[in-house]
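See below for the structure under consideration.
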Amino acid sequence: MRAGIYVRISQDRTGAGLGVERQADDCRQLCEAKSWKVVEVYVDNDVSAFSGKRRPEWERLLADIAAGEIDAVVGWHVDRLTRSPRELEDVIDLAERHGLELATVTGDIDLGTVSGRTFARMLGVMARNESEHKSERQRRANEQSAAAGKVHGGGMRPFGYAQDRRTVVPAEAEVVQECAERVLAGDSLRGVARELRARGATTSAGHDWQPRSLRQVLSSARISGRRERHDRIVGVAEWPAIISVGDSDRLRMLLTDPARQTTRPGNPRRYLLSGLLRCGKCGAAMVGRPQRGVPRYCCAHCGRTYTNAARTDEFLRDVALQALDGEGLRAALRAQRTADPKLVAEVARLRVKLEELAAAWGDDQMSTASYRLASSRVEARLAQGERKLARIGGPDPLGAFVGTVAQMTERWGELNTARRRAVLDAVLEKVIVGPARSRWDEERFQFVWRA
């Protein structure tokens, strides 16, 4: 009798494979007692039979059975073979077609008889039931730990924190704070990442900073001292914050916005006013498009409206700085950034409510279904309130910029294109460009101010 031994362990934390080796030794002894010849040992180490992930060696075993190379399958227990009743039926079908025998260290199962197949199915159902209960217990434990703000281990340490995931690393925290401030002030992820690489700063894994890795750090609620699970914030964490909750909410809204415009890889923003200018003929956005080597803005839709880029950039700069020189526009913009006290109080109340629900659920005062239903409703209202606060809170791109026209002109020269655009976006909603009546016509520009 040609026997194939199949061994599996769902979790091998050390990677030593000791669990599967012990199973294999027991199975070899069983084959020796039965005078069966072991022709192959199939090992799926650190692979769950319940998760639905591929098990390469299990698939190879089934193929060898179908090819007639295996007469018997030996395992430590039926649940080591499979925890899926559907997969067990595949084995039973193979047994009926090929006369396959099945033996386990914990007891033989004769798949050639009705009672043997029934017993195998019962064991399979019991194994599946245990897996589902184990999974539910683990999920509940993870959710309770997350709601309590506990540290979640595993994987690379988060940037800004030591290996214990609680202690702040001062040098890295300064990088996080600097990057958060710059992105909120209008700098692009690509530009900030490029400067970090230029000065030799690396991620916690020792890799060069890229826009994607920087986005992951800045959009994580962890850096604001909050615990999240499955992309939703579930409570206050046990580790200290590096940036404020308000700044974190603004970053998360900014960096996860599907409408957020990004530049192509390796191609930072070259045209200051792309998208801000609108065609007076069709209303479409105007984009940078040079003609005969001369930079200009052109309507992306009809192509009939265009203007010289350099002169337009200078003209809009002068108009914006002149407008900011007066107290009227500044006061109106400041008023828009003032949060409603009622909204602030409501957001604080909802955060407390969420913590109270988590505590009640953790103390078994409410069922999991009730907790999820109640918390999802509170989270939806909280997210809406936090988005409103995020739009008006945090650093203001105009805060350190405004002054006299001379001061603002000097500061303008020190800003990169992304920061200049952030200043213009803070004061202008759009600029409509009408038809030109002369080679350079300032009257064709119609300004739509934010206040």
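The values are calculated or read from the model by the stated rules, or taken from the named source; none is laboratory data. Just so you know, these numbers come straight off a predicted model, no measurement behind them. Quick reminder, even Gly has a Cβ in these numbers, built from the backbone with ideal geometry, and neighbours come from all protein chains shown.
Matching residues to (1) closer than 30 Å to R420 by Cβ; (2) at pLDDT below 80:
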{"position": "Q138", "(1), (2)": "no, yes"}
{"position": "A141", "(1), (2)": "no, yes"}
{"position": "A146", "(1), (2)": "no, yes"}
{"position": "G149", "(1), (2)": "no, yes"}
{"position": "R157", "(1), (2)": "no, no"}
{"position": "E172", "(1), (2)": "yes, no"}
Checklist entry - Has the stretch 209-221 got at least one residue that is modelled with pLDDT of 80 or more and more than 16 Å from the chain's Cα centre (by Cα)? => result yes
Checklist entry - Quick check, is I242 farther than 30 Å from L272 by Cβ and at pLDDT 90 or above? => result yes
Checklist entry - On the given criteria, is R334 of a type in the set (K, R), closer than 30 Å to E172 by Cα and modelled with pLDDT under 85? => result no
Next on the checklist: Return the residues of the stretch 274-296 that are more than 12 Å from I432 (Cα to Cα) and part of a strand (DSSP E or B); say none if nothing qualifies.
Outcome noted: V287, G288, Q291, V294, R296
Item to check | Leading residue by the ranking (surrounded by the fewest Cβ atoms within 10 Å (Cβ to Cβ)) among those in the stretch 321-358 that are of a type in the set (D, E) and not in a helix (DSSP H, G or I) | outcome: D340
Checklist entry - Within the group W449, W440, W361, which residue is touching a strand residue (DSSP E or B) at 6+ places or on another chain (Cβ under 9 Å) and farther than 27 Å from S188 by Cα? => result W440
Checklist entry - Being touching a Pro at 6+ places or on another chain (Cβ under 7 Å), surrounded by fewer than 21 Cβ atoms within 10 Å (Cβ to Cβ) and either over 14 Å from E178 (Cβ atoms) or not assigned by TED's automatic domain parsing to the domain that holds S376 (or both), is that true of even one residue in the stretch 197-216? => result yes
Next on the checklist: If a residue must be part of a helix (DSSP H, G or I), farther than 16 Å from L254 by Cα and of a type outside the set (D, E), how many such residues does the stretch 192-213 contain?
Outcome noted: 5
Item to check | Residue count for the stretch 301-320, restricted to those that are in a loop (DSSP other than H, G, I, E, B) and surrounded by fewer than 16 Cβ atoms within 10 Å (Cβ to Cβ) | outcome: 4
Checklist entry - Hey, does the stretch 226-236 have a residue that's in a loop (DSSP other than H, G, I, E, B), modelled with pLDDT under 80, over 20 Å from Q177 (Cα atoms) and not acidic (D, E)? => result yes
Item to check | Candidate set: the stretch 39-75, residues that are in a loop (DSSP other than H, G, I, E, B) and modelled with pLDDT of 80 or more; chosen: the one surrounded by the most Cβ atoms within 10 Å (Cβ to Cβ) | outcome: I70
